[in-house]
Amino acid sequence: MSETSTTKACKTSHYDVLQVARDATLEQIRKSYQALALQYHPDKKRTSNVPATDESDHFIRIDQAWKTLRDDRLRRIYDAELMQQTEEYFVNEVLTEADFERDEDGNFCFHTCRCGGYYILPEESEPGESIYVSCDECSLVVQVNLGKGS
Ligand SMILES: [Zn+2]
């Protein structure tokens, strides 16, 4: 087994680097890549306070991420690696109860996923707990840190 140890140490996935969802389409990834590549291209003079070296490093990561994710086969291999690294859950966001809205009938609390689906807070959740809620449309999971009592 040949292994690249570079991805193991850092928690940022190619999806994070390209600011797209795990289930983003190639077109979404391409758009994001193009926007980010423009923004971080080392040739581009920026007046930000980010050191130039960080910017070119970041550009390399964007480029690597794109080269992996644009290739269907490489993407599948990468996804599998990612699944192993992240154990059971891929936590997309860490939220609190305040990020959830109650629906009109007051029956449940929900948070809208970037895919348009919903994260629905389970009723039987214990105060003070950290729970994982998965989107009802896509494979994303959010961690919800529940308040202590209410
Ligand atoms: Zn979703």
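The values are calculated or read from the model by the stated rules, or taken from the named source; none is laboratory data. None of the values given here were measured: they were computed from a predicted structure. Ideal geometry is used to build each Cβ from the backbone, glycine not excepted, and the neighbour counts take in all protein chains shown.
The table below gives the values:
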| read-out | value |
| --- | --- |
| Residue match in the stretch 74-92 (condition: more than 16 Å from the ligand (Cβ to nearest atom), surrounded by fewer than 16 Cβ atoms within 10 Å (Cβ to Cβ), modelled with pLDDT of 85 or more and among the small types (Gly, Ala, Ser)) | no |
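Residue-wise test of (1) exposed (fewer than 15 other Cβ atoms within 10 Å of the Cβ); (2) touching a helix residue (DSSP H, G or I) at 6+ places or on another chain (Cβ under 9 Å); (3) at pLDDT below 90; (4) not hydroxyl-bearing (Ser, Thr, Tyr).
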| site | (1), (2), (3), (4) |
| --- | --- |
| His14 | no, yes, no, yes |
| Val20 | no, yes, no, yes |
| Leu26 | yes, yes, no, yes |
| Ser48 | yes, yes, yes, no |
| Ser56 | yes, yes, yes, no |
| Phe59 | no, yes, no, yes |
| Leu69 | no, yes, no, yes |
